[in-house]
Amino acid sequence: MCWRRLILCVACWALLLPAGAVARPAWEVVGPQPLAGELAALLAARLPAVTVNGEGDAVLRIAVGARAFQAALDGGVPVVGVALTRHSYRQASAGRPRGHTALYWEPDPLLQLQLARQVLPGVRRVGVLLATPDEALLQSLQAAARQQRIELVVRRRGDGESLVHALNAVLADSDLLLALEDPAVFSPATAKTLLLTSYRHGKPV
């Protein structure tokens, strides 16, 4: 997790708060201990009035983990989620009004795409397999792929479709597989299937 990004994110939120709120800043960190306390201590060295788990009148909450983030959304103040995945953020914030954002655990897919091109300069087709596509993310990836002259081969794993069948289809049409965060496709339970299938195709992940 990048603390500089978090501090910058909190500072940007502060600019959007009412003038009276900014005059009495209180950034509340919520979540399981000791993580919430450690994060609050780091932020307290750089921001004023950082509190932990309900100890103050917060104008912004920093929620550690998916459960804390979901609970914080009902608090009536802006929320910044940390230490959660893109998938869990989408699930918790679906249908919610504005006033929330998050810094994800997993690497930025756009940076992963750039890394793949640097490591394997001969790559022309990059496969993506998802069960629940994130259209905004896919649009960003498509734009980045076009800039790098890469074809993005996107396939959705259908309901009830075996993972091996879906993997075979996307690997057959691509030079490598870009693993985006999707627990229905990439998880500890599917790791063996993923690695064996990609090995049989001779395609990196």
With r defined as the distance between the Cβ atoms of Arg46 and Asp108 and R0 fixed at 22 Å, what FRET efficiency is calculated, to the nearest 0.05? 0.40
Per-residue accessible area, 1.4 Å probe, largest first, puts Phe186, Phe69 in the order Phe186, Phe69
Just to check I understand the Karplus step: with θ = phi - 60° and J = 6.51 cos²θ - 1.76 cosθ + 1.60, what whole-Hz values come out for region 103-108, glycine and proline as x? 10, 7, 5, 6, x, 5
Compute the whole-percent fraction of alpha carbon pairs in region 64-191 spaced more than 22 Å apart. 44 percent
Solvent-accessible area of Thr51, probe 1.4 Å, all protein chains present, reported in Å² to the nearest ten, please. 30 Å²
Which value in nm describes the separation of the simple spin-label points at Arg90 and Leu120, placed 7 Å from the Cα toward the beta carbon? 2.3 nm
Taking the alpha-carbon centre of each part, the distance from region 76-141 to region 167-205 in Å is 18 Å
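Protein chains only, probe 1.4 Å: how do Lys192, Lys203 rank by accessible area, largest first?
Lys192, Lys203
The values are calculated or read from the model by the stated rules, or taken from the named source; none is laboratory data. All of these numbers come straight from a predicted model, not from anything done at the bench. Positions of Cβ are generated from backbone atoms using ideal geometry, with glycine treated the same way; all protein chains shown enter the neighbour counts. Each accessible area value is taken on the protein alone, full model and side chains, heavy atoms only, with ligands, DNA and RNA left out. Shrake-Rupley method; radii C 1.70, N 1.55, O 1.52, S 1.80 Å.
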